[in-house]
Amino acid sequence: MLTLEESLLHLAPSGDLTIYEVEELHKQLIAHLGQAQSIRISLDQTDKIDSAGFQLIVSLLKTASAQQKESFLGALSPSVANFLALYSYTWETSQGGVQ
């Protein structure tokens, strides 16, 4: 779910990313964010996301930008894409993600 290799923090939640998982994940992110130079977020294995999970991702991307860290957003699962479409929110994704 969350790994730190050298200076890359990789968030790849599988299963649900909902209010029930966000608190623990937030604690882990806080513990590792200072050691990371770049952040990769992969949501292609995320089965379900709710507003708490969405807020966590947006907050992580904004924090990375404020700290001048590179951030990459990879592919989205169909359920994540549907959630974003429900709120008319779009992330541009490409093979390399978004910088």
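Once backbone amide H atoms are built at 1.01 Å from N, ILE49 has LEU17 as its partners under 5 Å, excluding neighbours fewer than 5 places away on the same chain.
Computed over the chain, the convex hull of the alpha-carbon atoms projects to a mean area of 5.7 nm².
Every helix of 4 or more DSSP H residues in the chain counts as -39500 (n - 2.57), and over all residues that averages to -13000 deg cm²/dmol at 222 nm. Between 0 and 90 degrees, the angle of helix 51-66 with respect to the longest Cα principal axis of the chain falls at about 40 degrees.
Please get the size of the charge dipole for the range 1-73, origin at its Cα centre, with Cβ charges of +1 on Lys and Arg and -1 on Asp and Glu, quoted in debye to the nearest 20.
280
Remark: relative contact order (the range 2-86) = 34 percent; criterion is Cα-Cα distance under 8 angstrom and separation of 6 or more residues.
Coordinate-derived values only; no laboratory data. Since we're looking at a predicted model, the values are computed, not measured. Positions of Cβ are backbone-derived with ideal geometry, glycine not excepted, and every protein chain shown enters the neighbour counts.
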